[in-house]
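Beneath this line is the structure, given in structure tokens, with notes to follow.
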Amino acid sequence: MNEVIKGISGKIQGTLSVPGDKSISHRAVLLGSIAEGRTEIEGFLMGEDCLSTVACVRKLGIEVETLAPGQLHVFGKGLFGWQEPREILDAGNSGTTMRLMLGLLAGHPFHAVMKGDASLSSRPMARVVDPLRAMGARIDGRNEGKNAPLSIRGGNLHPITYSSPVSSAQVKSAVLLAGLFTEGETTVIEPAKSRDHTETMLASFGAQVKTTGCISTVKGLPRLKGEKIMVPGDISSAAFFLVAAAITPGSELMLKNIGVNPSRTGIIDVLKRMGAQITCQNERIEAGEPVADIQVKHSHLQGITVEGDDIPRLIDEIPVLAVAAAHATGTTVIKDAGELRVKETDRIISVVSQMAALGMDIEPREDGMVIRGGRTLKGTAVNSFHDHRIAMALAVAGISAAGVTTIENAESVKISFPGFFEMLKSF
Ligand SMILES: O=C(O)C1=C[C@@H](OP(=O)(O)O)[C@@H](O)[C@H](O)C1
Ligand SMILES: C=C(OP(=O)(O)O)C(=O)O
């Protein structure tokens, strides 16, 4: 499906709520499915990725009731309560579904097969398969288990201390979740801290979790109790509107009820360092997660260098950060972001090629990109390559471009942000 975006002449003003956090939604269903009793979820993201997680959990014998859009009840049967699935578990486009489910399946003494779509089938799985095999899971798959489809027979695990070569919450979560099914302590050490929603939610379900800097430890065989979970708005979705308002003259926007966990707020910090006027108001804690209303006003931005420990804190926001950089004075350099190459698309190639088509002065680097700001963008036909974040970043570039931008394969926004185009076009 194509989406047509016109350059916007007005301002981006008013109050917005964005859909629920994708990372927290996945984890709420997964932890609910291995807890005892009912887990009640409000604000669940009804995006295709999270619905893939729900479909997988149902195939494992867990009842998930949808009372209304965003309101789900999960009837967990406790640790070891999943049943051997009769069908293949389909993670669709979702890396989080496949990698976190593999961690949980590693704990179960039965056979299961996981598959995904064309994009997910080419993404690296050895990063979770290797440590799960080291814990005792038997896993086989395409390319010796480096890619999906993967088959797994879990059970009889032993705890490990795993030093992950990459900062990845999916790797960390897979190992910690497997660690729930064996006596003793399982530890993951990562080079820079990744999002910590798994640790926070595990603690709220009753597990013993310790986190010190980049080291997280879980104690095995906890009794997890069903919980009430309020999912906050997704900062990764809010980011498209933060940038849209920051670059559109006269704009002043309030984004309500957004998750502002410090392991996710790199985009706020970096936009502020570029000169954006952003303030977090009404800060509070809900189910262990920090939540706030975020106000953003149009401002003149300056190019900066983004690197190191900030990268895992804004990895999914880099496509739209490139749009902010194109509207900044001077050069923005994004480094240490080689992980972009293994997302739904190679996001260095997809961002650079499609933003350049809109007239951006942008060059790829092995581990990032360089953007020289100040060029006027001009609408044309561009392609999201079925990558939701690329489709939305191109739309934000499109509203700042002269003329008409046509985004091909734009339906991919349903992965993480159903209703995105309607919201953007409401301004
Ligand atoms: O754990 C999660 O919910 C996620 C972790 C990140 O991936 P990596 O773990 O591969 O860095 C992120 O890009 C993805 O959108 C969601
Ligand atoms: C990389 C992403 O998700 P996942 O890894 O779950 O497919 C994303 O949402 O940008």
Out of the residues in segment 108-135 that are touching a Gly at 6+ places or on another chain (Cβ under 6 Å) and more than 21 Å from residue 23 (Cα to Cα), which is farthest from ligand 1 (Cβ to nearest atom)? 109
Selection over segment 323-352 where residues are more than 16 Å from ligand 1 (Cβ to nearest atom) and closer than 15 Å to residue 392 by Cα yields a count of 3
Note on segment 281-320: residues of a type in the set (Lys, Arg) and either without any contact (Cβ under 8 Å) to a residue 40 or more places away in the chain or touching a Pro at 6+ places or on another chain (Cβ under 9 Å) (or both) are 284, 313
State yes or no: is residue 142 away from ligand 2 (no atom under 15 Å from the Cβ) and in the same structural domain as residue 190 (by TED's automatic domain parsing)? yes
Only one of 171, 166, 188, 175 that is without any contact (Cβ under 8 Å) to a residue 60 or more places away in the chain and either more than 16 Å from ligand 2 (Cβ to nearest atom) or not assigned by TED's automatic domain parsing to the domain that holds residue 308 (or both): 188
In the set 25, 52, the lone residue that is under 24 Å from residue 223 (Cα atoms) and crowded, with 16+ Cβ neighbours inside 10 Å is 25
The condition of being in a strand (DSSP E or B), within 15 Å of residue 288 (Cβ to Cβ) and touching a residue at least 24 places away in the same chain (Cβ under 8 Å) holds, among 229, 258, only for 229
Subset of segment 55-96, residues buried (at least 16 other Cβ atoms within 10 Å of the Cβ), hydrophobic (A, V, I, L, M, F, W, C), more than 16 Å from ligand 2 (Cβ to nearest atom) and more than 16 Å from residue 41 (Cβ to Cβ), comes to 60, 79, 82
Sort out which residues of segment 28-49 are more than 16 Å from ligand 2 (Cβ to nearest atom) and crowded, with 20+ Cβ neighbours inside 10 Å, and write them in order of number. 31, 32, 33, 34, 35, 39, 41, 43
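The values are calculated or read from the model by the stated rules, or taken from the named source; none is laboratory data. Bear in mind the structure is a predicted one, so any value in this text is a computation, not a measurement. When we count neighbours, we look across all protein chains shown, and the Cβ atoms used for this are built from the backbone with ideal geometry, even at glycine.
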